[in-house]
1. What pairs come up if the first residue lies in region A:20-40 and is within 14 Å of chain C (Cβ to nearest Cβ), the second is aromatic (Phe, Trp, Tyr), and their beta carbons are under 7 Å apart, counting only those six or more places apart or on different chains?
2. Are any residues in region B:310-333 part of a loop (DSSP other than H, G, I, E, B) and either in contact (Cβ under 8 Å) with a residue 40 or more places away in the chain or touching a Gly at 6+ places or on another chain (Cβ under 7 Å) (or both), and if so, which ones?
3. For region D:95-109, give me the residue count where each residue is in contact with a Gly (Cβ under 8 Å, 6 or more places away or on another chain), open to solvent by 10 Å² or more (accessible area, probe 1.4 Å) and either over 18 Å from D:ALA9 (Cβ atoms) or of a type in the set (Ser, Thr, Tyr) (or both).
4. Just one of B:HIS214, B:HIS205 is more than 10 Å from every other protein chain (Cβ to nearest Cβ), within 16 Å of the chain's Cα centre (by Cα), surrounded by 19 or more Cβ atoms within 10 Å (Cβ to Cβ) and at pLDDT below 95; which is it?
5. Filter region B:120-135 down to the residues that are assigned to a helix (DSSP H, G or I) and open to solvent by less than 30 Å² (accessible area, probe 1.4 Å) and list them by number.
6. Within region C:293-309, which residues are open to solvent by 10 Å² or more (accessible area, probe 1.4 Å) and in a strand (DSSP E or B)?
7. Right, D:ASN285: within 22 Å of D:SER135 (Cα to Cα), more than 10 Å from every other protein chain (Cβ to nearest Cβ), without any contact (Cβ under 8 Å) to a residue 60 or more places away in the chain and open to solvent by less than 30 Å² (accessible area, probe 1.4 Å) or not?
8. Regarding B:ALA196, is this residue at the interface with chain C (Cβ under 7 Å from one of its Cβ atoms), under 29 Å from C:GLY271 (Cβ atoms) and without any contact (Cβ under 8 Å) to a residue 40 or more places away in the chain?
4 protein chains.
Amino acid sequence: MIRVVVVGAAGYIGGELLRLLIGHPEVETVAAVSSRFPGRRVDGVHPNLRSATDLLFCSADDVEECDTAFLALPHRTAMAQIDRWIARAKQVIDLTGDFRLGDPEVYRRYYGSEHVATHLIDAFVPGIPELHRESLRSADLISVPGCVAMAGVLALYPLAVRGLVEPTAQFDARTGSSGSGATAGAANLHSVRSGAMRVFAPTGHRHEAEISRHLGIAAAMTATGVEAVRGVQTICHATLRPDVDTSAVRRAFREQYRNEPFVRLVAHQRGNFRYPEPKILVGSNFCDVGYAVDEEAGRLVTIAALDNLMKGGAGNAVQCLNIRMGWPETLGLSFPGLHPI
Amino acid sequence: MIRVVVVGAAGYIGGELLRLLIGHPEVETVAAVSSRFPGRRVDGVHPNLRSATDLLFCSADDVEECDTAFLALPHRTAMAQIDRWIARAKQVIDLTGDFRLGDPEVYRRYYGSEHVATHLIDAFVPGIPELHRESLRSADLISVPGCVAMAGVLALYPLAVRGLVEPTAQFDARTGSSGSGATAGAANLHSVRSGAMRVFAPTGHRHEAEISRHLGIAAAMTATGVEAVRGVQTICHATLRPDVDTSAVRRAFREQYRNEPFVRLVAHQRGNFRYPEPKILVGSNFCDVGYAVDEEAGRLVTIAALDNLMKGGAGNAVQCLNIRMGWPETLGLSFPGLHPI
Amino acid sequence: MIRVVVVGAAGYIGGELLRLLIGHPEVETVAAVSSRFPGRRVDGVHPNLRSATDLLFCSADDVEECDTAFLALPHRTAMAQIDRWIARAKQVIDLTGDFRLGDPEVYRRYYGSEHVATHLIDAFVPGIPELHRESLRSADLISVPGCVAMAGVLALYPLAVRGLVEPTAQFDARTGSSGSGATAGAANLHSVRSGAMRVFAPTGHRHEAEISRHLGIAAAMTATGVEAVRGVQTICHATLRPDVDTSAVRRAFREQYRNEPFVRLVAHQRGNFRYPEPKILVGSNFCDVGYAVDEEAGRLVTIAALDNLMKGGAGNAVQCLNIRMGWPETLGLSFPGLHPI
Amino acid sequence: MIRVVVVGAAGYIGGELLRLLIGHPEVETVAAVSSRFPGRRVDGVHPNLRSATDLLFCSADDVEECDTAFLALPHRTAMAQIDRWIARAKQVIDLTGDFRLGDPEVYRRYYGSEHVATHLIDAFVPGIPELHRESLRSADLISVPGCVAMAGVLALYPLAVRGLVEPTAQFDARTGSSGSGATAGAANLHSVRSGAMRVFAPTGHRHEAEISRHLGIAAAMTATGVEAVRGVQTICHATLRPDVDTSAVRRAFREQYRNEPFVRLVAHQRGNFRYPEPKILVGSNFCDVGYAVDEEAGRLVTIAALDNLMKGGAGNAVQCLNIRMGWPETLGLSFPGLHPI
């Protein structure tokens, strides 16, 4: 049993981490840090944890040494506190955007402010098991990618890494409302957000910088909020290099993901779930990936779906922890999702 | 053409009033008062009015004399400002809870504060055309009922006024999220409110006092927020007096509502819309009413559905205006609702 | 490891049983019987089971002896096949309505046809652990109650069994669309069913007979389909016996459910989840129960919520299996539910 | 008053035509043809028309001469019946796909069957007022475009016609469930379709052929069903020609749509409705169009939203009728949409 702390435990990613870690057989969750609710019961904020835990939120100052600290904080807050958590924890797994971009200049462009812990940027290993599993086995600083970026990276990586597509691609991301967090505001008022198809980022979404970094291409992203609470779907429109046909695409996906415990290829001829669909992934750690080829036009469409709080956040972080600790990679992450839902 | 003012025009009831009044052939909307957004374009807050109006919100102080003032304010605010609006407008149509209960003592019990305009309570005519049409023809002070109350009153009135039911009844109300207003808060965050079945008032809902008043019975209400933006449905469970059978119930409803332009009886044997269903009433001013009788048990179930911003608020207020002005009662209110939706 | 068979495995209850049983550490799922899809992959029908199973559906004739057979069939079908399954399985757990009502006469009234296996009616133990745990420990024929009935029974049992309420009560049930099953029809077309508040049974719902049986009172039920896929909420309106106050109600609930692993009391003063709310129970086996008392009126409102495919069906059936086998009652049923969702 | 007939009146487009035509001051709706429901009340199928009409459905054979026939039939059916309707009606307005593509060869590729009325293909004027208003003034055969195509055409036309974009573009369309029609099937079962992000056409959607035709470019479309009943949103990803900047884009849109009664430019800096959003267009005939430019990348993103049954179907057809008859173009189409909804 290792001792873990969740910092930012009152948010949605924080709550999902608590749910997973409380149910994890090798982990003891020793502290749930919340600057807003110290002293309050965790299940008062996360009602699904009623009867699962009697934990109270605490302040950061209450936390002593631990094995692993998960930072589920607002963007910019993690880099400001990072030294404190490195001092107290053997491993720090950051779920903010602070250490996702390898370049402080790119960070400034996409986040609009200076990076305040540039000395650590290179020390963080990207929390993408499918790309960095070996490095993660010994990583003590892990930066978990954004939900939409995770989907985008997995949607195109097998093609990009093999040089089968042209080096620019467009990503069309759709997200549920939980990605906006647990803080109420005019934008996520139910009567306004319900049934929406809100193009909140026609150009310049932050996650395109992550995708570009990991795929080595120029990614352009358009992001739309659609009716869902959990769930992300990213469509990638790419151009195939000459002479790349459907079977080459299929082969690339199969080779790449054959042994991945949490990536499933979904591209069927029939049925209502022919391509990746977020709703059957709610609560699960899978990222489903599919594709279609228009050979005549040399055009490739790939589709990835995941639960933004799971494979797009907390679940992926726990997968990284499992890798780091040498445990079975699926430990505590075996929930298969529900149907119908 | 009369000149009207909407006070509290940035809220949902206010916006619906603006939509109806801008499209009303006998009305000129001269001012949209908002304490939050003076100077801002109305269609910046109510995006459905883009290209329909260039009106700007103004302050209450900017309003001079007018024919009719609609008060779509927060509860307790209308009674505090009422003298000002009576001084400026020939008619005042209040959509708050302030003048709905005929008794300041009942008001205190249900609203938890003192009534500050008790001298006017008796002067307000309830804005229920189906019960008070004659009084409304000459009323200069009109108090429009709450949405759930309106449904509850229309659901049982034909039976209650004929003495066909026992003098206690239970009301089970379900409401969409727009009834909570346009101000964001933790309770109406999309991710929390979406898909909810939230029992927010198991006992003691304010509207039970209105229903009791208008029906002359002891009403007990349980209210639940369900997944919808617009829409209210109130189920009434009543006990039939001895010897009252199905045909007596049917006769009571038919007699009562035969000539009502905005009440339809909906109690069919077949189809997916056998009983009143709010979703096909979105945007319309109808209140659909249905019923079922368990003769063996002497039990009556009645069902009423409406759009809370229309027949449960703004639409009903305009219907009252039409009556007061001697115009056709359906003027500006003829939108039939949509299907499917 | 015991060997189990799911009959009617292509339906929603059948799919949920498969999900739970495939993940159950003491169970081997040897057959998934479907008369519609023999030979087809299970995960072609239940896409959430992709990568969880390679099982194919089979015909009933393909099934040989097993330890336990779960019957997730259409109503009336189970009693027609029951002898076959008793001959092949040591235990039969029936999830249809066929053996829920102890009286063939009541069955005829509520289901409109003759019972064809009356000799077995008394042999079935109701699958309600909270009422019949001891009998279930040795039961070889178990009849799992209907989803709405389960909620209704748990909502009022503590009061009814102690004689604290009058012997008639009204139940207002709200259900999601999955309760209508996996067969498409005009009634559950998305554009028609979406956002509905459909009163499909104003009086005479079948489950009121079950509730009446288990509570020993005269239950009257009104049932409404609301916007949700999974989820049932049952509100009970009851009248307190003289001198029964809030603390007596609280005591009854606490005593009754203190040690129940899957019943949680939820009646809080604050927050957005003060009373039982189905959405946070999606995928979990909890039934949350709450209450409110209007002491002045002598009126009691109780509220129960559950996932109709879990505690209202498959989950409850597995709980019964765990009891019968002497395993920990929560085995394979520990998923706590999600928030937000 | 002209006499009109709706053929295929029991479908969703047919019902919307009836709603509009019944409320239209210059039109008498003389027949609602349905092969499925002859003799049945129209409001039994379209419950929103209760109290608006007592019309019964009739058979095609019951229809005598009329002024205008609207064909809201299944694809392929209109071309099979077209001679009959031309013989009986002065104008035929077809809402199927049969006469949308100017080329029988393209028709075969996208619809998979032979065109059986090729002699008429050239005689139909596309029902796109924004492109073909002058021709529509005297057209007796009008072919109303598909909903997603209408959005796609309006999204890019101002740029394409001015040669400001490269001649290939990608369209990402999202649609509600009503676009699939009123016939129940496994694909539009509520529990399956609810909350979906279903990529039903990753490549090769039929409407891309229409867009290509009207814009003179090579359009590639990916189509996804999202959670909504009504509503279409089409995102267009295009590449700007060299030296085309934001102001040139803005100018093109403003010039093109300045006087269009049903196209609004929506591209704001602030608020929750900055870009076109279908939900506030439910029931209205507007197509909102917006855009964003990434000047550095030379990339243009345009967004169009509409109600698929209105500007994407029935409303657009009535707009064409108004133009053909020389009536005010907005006659009977002035409903502004609702907010919140």
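The values are calculated or read from the model by the stated rules, or taken from the named source; none is laboratory data. Everything numeric here is computed off the predicted structure, so don't read it as measured data. Glycine gets a Cβ as well: all are built from the backbone with ideal geometry, and neighbour counts include every protein chain shown. For the accessible areas, the whole protein counts, side chains as well, though only heavy atoms, and no ligand, DNA or RNA atoms are used. Shrake-Rupley method; radii C 1.70, N 1.55, O 1.52, S 1.80 Å.
1. A:PHE37/A:PHE57; A:ARG40/A:PHE57
2. The answer is B:MET310, B:LYS311, B:GLY312, B:GLY313, B:GLY326, B:TRP327, B:GLU329, B:THR330, B:LEU331, B:GLY332, B:LEU333.
3. Counting residues in region D:95-109 that are in contact with a Gly (Cβ under 8 Å, 6 or more places away or on another chain), open to solvent by 10 Å² or more (accessible area, probe 1.4 Å) and either over 18 Å from D:ALA9 (Cβ atoms) or of a type in the set (Ser, Thr, Tyr) (or both) gives 1.
4. That would be B:HIS205, the only listed residue that is more than 10 Å from every other protein chain (Cβ to nearest Cβ), within 16 Å of the chain's Cα centre (by Cα), surrounded by 19 or more Cβ atoms within 10 Å (Cβ to Cβ) and at pLDDT below 95.
5. B:LEU120, B:ILE121, B:PRO129, B:GLU130
6. Those that are open to solvent by 10 Å² or more (accessible area, probe 1.4 Å) and in a strand (DSSP E or B): C:VAL293, C:ASP294, C:ARG299.
7. yes
8. When the stated conditions are applied, B:ALA196 passes them.
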